Every structure is written in C-alpha cells, then in structure tokens.
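Structure record follows, encoded as structure tokens.
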Amino acid sequence: MSRLVNWKPLAERLRSEIGEWIKTDAIREAFANTPRHLFIPRYLDYTFDEDAKRTRWVPVEDPDPDLIYSNTAFVTQVQPGAAGGTDMISTSSSSMPGLMADMIEELSIKPGMRVVEIGTGTGYNAAILCHIVGAANVATTDIDPELVESAKNRLNKLGYHPTFTPEEGSYDRLIATHAVDNIPYEWVRWLKPGGVMLADLRARNPMSHIAAWAIVTVDDNGTTATGKLLPPRGGFMGARRTLRHADHDVDTPRKYTDTARLRTRQVIHPKAILDDAEFEFFLWRSMPSAVWSRPWPPGKHEDPEDQRQVMTRDGRWTSVSAIDAGYMTPDDLWGDIELAYDKWTDAGKPGLDAYNITVNTDGHTVVELAVSGAEDTA
Ligand SMILES: C[S@@+](CC[C@H](N)C(=O)[O-])C[C@H]1O[C@@H](n2cnc3c(N)ncnc32)[C@H](O)[C@@H]1O
C-alpha cells in the first residue's frame with residue numbers, strides 16, 4: 001500500500017544530488033519532475049551472511065521515500081542462477097539515477113529525438129526518457145513480460161504511452177541498461193543511419209567488474225556500426241538469455257577437482273593484476289573463455305592470503321595465492337595470464353579508449369586494439 005508522498009521536494013533534492021552528471025535543462029527537468037517512488041514500491045535489500053558465506057535478500061515493502069530519492073540503485077527482482085547453486089542473483093533493478101543521467105547526457109538525448117531503451121525494468125528510466133523526448137518517441141523493451149506489464153501500468157498512470165515493440169530503422173538513440181558481451185545486431189537494425197547506441201560491453205563473467213561503455217554509431221547505409229569504448233564508469237547487470245534464471249552465470253566452469261595433476265609454481269605477477277580493470281578487459285579479449293573469482297562482497301572478507309581462482313570453459317584451472325605459489329594444471333594457466341599481462345605492459349598498458357568497436361552484419365562485435373593492431377571477435 002503506497003502512502004501519500006510529498007515527492008516534489010525529494011525529486012528536486014535528487015536532481016541536485018546528481019547535478020554533476022547533468023548538463024542540459026531537459027534532463028534536469030526530467031529528474032526533478034518524475035516520481036521515482038511510484039516505480040519502486042518494493043525492493044530487495046542485501047545482507048551478507050558471514051557464517052553461511054552467502055548473500056541473503058530481504059524484501060522491503062513501501063520503502064522510505066527519503067531513501068528512494070537518493071542516488072542509489074535498488075534491486076527489484078532476484079532469480080536463481082542457471083548454473084545451479086543456492087544463491088539468488090539480481091535480475092532487475094532501478095539503476096543509480098546519476099548513472100542514468102550520465103548515459104543520457106553521453107548520448108546527447110534531446111527533446112524530439114526517438115529513443116529505444118533496452119531493459120525496461122521498473123520503468124523509471126523510461127519515464128525520464130518520456131519526459132525528455134515525449135512518450136510517442138520512446139520504445140522500451142525487456143526480456144521479462146511481467147516487468148514490462150508493471151512498468152507499462154506505472155507509465156500509463158503518469159500519462160505516458162511509449163511503445164514496447166521497437167521498430168526497425170526508427171531511432172536516433174539506443175540506451176542499453178543491461179551489459180552485453182556481444183552487441184546484438186538487432187540493435188543496429190532498430191537505429192536510423194547515423195543513430196548512436198551506448199551499451200556496457202564486458203565479459204560474460206559474473207565476477208567481472210569492469211564497465212566498458214561502448215558508444216557506437218550506425219553507418220550511412222544502416223548496416224554496420226562503429227565506435228569506441230569510454231573510460232570505466234558504472235556498470236550494469238549482465239544480460240539474461242532465459243526468462244526464469246539469472247543465467248549470466250550459466251557458462252561458469254565447474255571447480256577443478258583433478259587434484260592429482262596439480263603442481264606448484266612460483267608466481268611472477270601476483271593475483272592483484274586481476275584487479276586492474278583495464279588489464280581485465282585486455283585479458284577478456286585475449287582469453288574470452290576465462291572466468292575468475294573475486295572476493296565477494298568486495299572489500300568484506302578480503303584477506304591478502306585468500307586464493308584467487310581462474311578457470312576456463314575448456315577445463316583449465318589455477319589458484320593463485322598472494323604469497324608466492326600458484327597451484328596449476330600442467331598447462332600453466334596462470335603462466336599464460338602472466339604472459340598476457342606482459343603483452344599488455346609492453347603495449348603501454350592500453351586503456352579502454354585504445355579499442356575500436358565494430359558491429360558487423362554477421363552479428364559479431366569486433367573489438368580491435370588500435371595500438372597493436374591485434375584483433376579478435378566475440
Ligand atoms: C538494470 S535493469 C533495468 C533498469 C531499468 N532501466 C529501470 O529504469 O528500472 C536491467 C534490465 O534488463 C533486463 N534484461 C536482462 N537481459 C535482457 C535481455 N536479454 N533482453 C532484454 N532485457 C533484458 C532485465 O530484465 C532488467 O529488467
């Protein structure tokens with residue numbers, strides 16, 4: 001049951017809190033005049049059970065509006081991971097308003113433009129877009145029809161009637177609010193020639209923490225799209241491939257159990273190299289099948305003695321400690337990661353801005369490291 005909320009001063013306060021990401025009046029007005037609490041009647045709070053070493057989600061009904069009008073993301077749906085296990089994984093949320101404003105500004109979304117949003121979720125970002133460009137110019141889509149239905153009801157109550165079925169060749173801008181490891185070609189088709197999209201492009205690895213925003217422009221023929229990566233910013237949850245699972249963990253390899261084959265090696269580079277976001281991106285492109293573990297939640301039980309594991313989907317495995325030893329399969333996975341680190345260092349530690357992105361008609365996103373000419377395909 002939602003209470004009567006004097007939300008205008010709260011929305012104005014939120015607008016001011018995220019002021020550093022807002023440059024234009026239309027976006028300023030949109031945040032100051034959109035009732036966020038209507039889109040988040042309930043959220044899921046997160047606690048970490050130290051004993052069980054797992055995350056627990058606790059529903060918060062009719063949340064405090066003071067909190068809702070803050071620059072905070074709220075998880076609104078969790079589902080079991082497709083790879084098994086007992087942990088529930090977040091599958092929908094209302095993103096941080098500052099992050100939303102940053103994306104909208106980066107795309108230079110202006111009144112009258114036609115915009116398609118991927119990931120309707122609560123509908124709050126769609127409402128912001130409707131305010132800026134007019135609801136008749138907005139399309140928004142989500143894999144989950146129940147989320148779409150709730151968002152539609154909320155938007156309609158505010159007098160907004162965007163479409164939930166994007167049309168081909170129709171939009172000036174596309175904003176993706178879930179991450180992808182390969183930009184779907186459909187997104188190119190939805191944009192007009194010269195249309196621009198922004199999407200968080202990163203490894204399909206639940207432990208990946210880099211957010212590489214790809215900003216990509218469709219060519220004059222409307223067939224391919226090219227662009228660049230922006231410096232690391234806030235990240236989004238991974239894409240789901242199925243409705244009822246948070247299946248961004250589906251490809252996680254099983255833990256290595258063939259202990260008889262393990263041997264110990266001295267590390268040359270410590271496990272901390274995996275914490276460098278820009279090396280992490282380079283490693284993903286050089287070794288797309290690698291999945292690595294990370295202390296979770298970040299900073300909580302981070303013990304320098306903890307081991308860090310890396311696995312590949314074709315069965316390789318290594319565990320690296322902070323001290324000096326790595327326990328490896330005979331194929332020396334950590335040695336290969338160290339070689340990748342040396343290659344990245346020799347190339348001058350290229351940052352995200354050193355990559356060129358092309359979305360080809362065959363549906364592949366090509367990520368090309370401009371400095372070395374190295375090329376690979378997702
Ligand atoms: C961060 S939430 C979106 C937040 C939303 N824009 C808002 O303002 O509330 C990401 C959304 O992406 C959706 N999603 C995930 N995978 C998808 C896919 N393959 N296709 C379409 N939507 C997807 C999820 O269901 C989720 O609602």
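Students often forget the sequence filter, so: which lysines lie under 18 Å Cα-Cα from Lys53 once same-chain residues fewer than 8 apart are removed? Lys53 reaches Lys255, Lys300. Straight-line cross-link reach from Lys349 at under 22 Å between alpha-carbon atoms covers these lysines, not counting any fewer than eight positions away in the same chain: Lys228, Lys271.
Straight-line reach from Lys157: which lysines have Cα under 28 Å away, leaving out those fewer than 8 places along the same chain? Once the sequence-local lysines are set aside, what remains near Lys157 is Lys8, Lys110. What's the carbon and sulfur percent of the chain's accessible surface, probe 1.4 angstrom, rounded to a whole number? Result for the chain: 51 percent of the exposed heavy-atom area is carbon or sulfur.
Given only helices, namely DSSP H runs of n ≥ 4 each adding -39500 (n - 2.57), what is the per-residue ellipticity at 222 nm of the chain, to the nearest 500 deg cm²/dmol?
Mean residue ellipticity, 222 nm, calculated: -6500 deg cm²/dmol.
When Rg and Dmax are taken over the Cα atoms of region 153-237, they come to 14.5, 40 Å. By the compact-protein rule of thumb, 2.2 N^0.38 Å, the alpha-carbon radius of gyration of the chain corresponds to a ratio of 1.04. Sites listed here are GluC sites (Glu not before Pro) in region 3-68 whose DSSP assignment is loop and whose Cβ has at most 13 other Cβ atoms within 10 Å: Glu50.
Can you tell me the accessible area per residue over the chain, all protein chains present, probe 1.4 angstrom, in square angstrom? The partial results should precede the final answer.
Numbers: 16680 Å² over 378 residues.
Averaged over the residues of the chain, the accessible area is 44 Å².
Write out the trypsin sites (Lys or Arg not before Pro) in region 17-73 meeting two conditions: DSSP loop, and at most 16 other Cβ atoms within 10 Å of their Cβ. Those that pass, being in a loop and sparsely packed, are Lys23, Lys53. Compactness of region 7-230 is given as radius of gyration and Dmax, 17.5, 58 Å, from Cα positions. Each Lys and Arg Cβ is given +1 and each Asp and Glu Cβ -1; about its Cα centre, the chain then shows a dipole of about 760 debye.
The values are calculated or read from the model by the stated rules, or taken from the named source; none is laboratory data. Since the structure is predicted, the reported quantities are computational estimates derived from the model, not experimental observations. For neighbour counting, all protein chains shown are included, and Cβ atoms are generated from backbone atoms with ideal geometry for every residue, glycine included. What goes into the accessible areas is simple: the full protein's heavy atoms, side chains included, and nothing from ligands, DNA or RNA. Shrake-Rupley method; radii C 1.70, N 1.55, O 1.52, S 1.80 Å.
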